[in-house]
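Q: First, the structure itself, so that you have it in front of you.
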Amino acid sequence: MAVWVGMLRGVNVGGNRKLPMEQFRLVCEGMGLVRPQTFIQSGNVVFETGAVDRAELAERLEKVLGKTFGFTPAVILRDVAEMRGVVARNPFDGREDVAPNRLLVTFLKSDPGEAARVAVRAIPTGPEEVFIDGSELFIYYPDGAGTTKLPVAKIDRAHGQVGTSRNWNSVLKLVAMAEARG
């Protein structure tokens, strides 16, 4: 069985699109996903399944969540090897000035292609540092994400993909949870 990390976009943010994690876990079990384990309230789950088609699995989960909760969050999936690859490709690795809670990784639904990555790299970012590699966007907010003037909407338009962000601490926890599956 394959181990997957699922991340939902835009749930439990600012009191909107409420999705209790225990109910999320039960929905996953009801779909036949094996040993679903949720992590924090932002819509993260690690599970096992025999299904191998990422797009089909994400679509199935989105449909069930839509029927169950009345809204359909985008589901971004990564397997264990891909999550390890994100850690290995961290462009800030070894930099002591980068606090893990100020480094966000945006997991894109699919690879935007090289032209989109070039467009993202061309956007002026100010004190923030932005790197895009494959289907992940790494953004370091030295002064915190809450005060940034970084044109995130412009970055999103440049890559053209749906995505969801997690801070570095959450990324490492999700990798550890997935690796603990064997």
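Q: Nothing charged except the Cβ atoms of Lys and Arg (+1) and of Asp and Glu (-1): what's the magnitude of the dipole of region 89-167 about its Cα centre? Round to the nearest 20 debye. It would help to have the intermediate numbers written out before the result.
A: On the way: 10 positive and 11 negative charges, 56 e Å.
In total the dipole reaches around 260 debye.
Q: Let me ask you something else. Using unit Cβ charges (K, R positive; D, E negative) and no other charged atoms, how large, in debye to the nearest 20, is the dipole of the chain about its Cα centre?
A: Working: 23 positive and 21 negative charges, 98 e Å.
Dipole size: approximately 480 debye.
Q: Arrange T72, T164 by Cβ neighbour counts within 10 Å, fewest through most, would you? Don't skip to the end; give the middle numbers.
A: Values: T72 16, T164 21.
Least crowded to most crowded, the residues run T72, T164.
Q: For a footprinting-style exposure proxy, rank M177, M83 by other Cβ within 10 Å, fewest first.
A: Values: M177 19, M83 23.
By the 10 Å Cβ count, ascending: M177, M83.
Q: Using the Cα atoms of region 1-143 to build a convex hull, what is its mean projected area in square nanometres?
A: Numbers: hull surface 38.5 nm².
Mean shadow area of the hull around the Cα atoms is 9.6 nm².
Q: Could you check the simple spin-label distance between A51 and A115, using points 7 Å along Cα→Cβ, in nm with one decimal?
A: About 3.2 nm separates the two model spin labels.
Q: Still on this structure, I have one more. Write down the Kirkwood hydrodynamic radius of region 2-82, to one decimal in angstroms, obtained as one divided by the mean of 1/r over all alpha carbon pairs. Intermediate values should be presented prior to the final figure.
A: Working: mean 1/r = 0.0802 Å⁻¹.
Every distinct Cα pair counted, the radius reaches 12.5 Å.
Q: With Rg and the Kirkwood Rh both taken from Cα atoms, where does Rg over Rh land for region 89-167? Mind dumping the intermediate values first?
A: Values: Rg = 11.8 Å, Rh = 12.7 Å.
Taking Rg over the Kirkwood Rh, I get 0.93.
Q: Any idea which of A51, A88, A99 is furthest toward the positive side of the dipole for the chain, if Lys and Arg beta-carbons carry +1 and Asp and Glu beta-carbons -1?
A: Among A51, A88, A99, the one farthest towards the positive end of the dipole of the chain is A51.
Q: If you don't mind, another one. With contacts defined as alpha carbon pairs under 8 Å and 6 or more residues apart, what's the relative contact order of region 58-134 in percent? Please list the in-between numbers first.
A: Details: 32 pairs, mean separation 17.6, N = 77.
Worked out over region 58-134, it gives 23 percent.
Q: For the chain, what is the calculated [θ] at 222 nm in deg cm²/dmol (nearest 500), taking -39500 (n - 2.57) for each run of four or more DSSP H residues and dividing by its residue count?
A: Working: 6 runs with 63 residues, N = 182.
Result for the chain: -10500 deg cm²/dmol, rounded to the nearest 500.
Q: Also, I was wondering about something else. When a/c is below 1.5 the answer is rounded, else prolate if a/b is larger than b/c, else oblate, so apply that to region 137-182 with a ≥ b ≥ c taken from the square roots of the Cα gyration tensor eigenvalues.
A: Numbers: a/c = 4.32, a/b = 1.74, b/c = 2.49.
Verdict is oblate for region 137-182.
No lab work stands behind these numbers, since they all come straight from the coordinates. These figures come from a predicted structure and were not determined experimentally. Cβ atoms come from the backbone with ideal geometry, glycine included; neighbour counts cover every protein chain shown.
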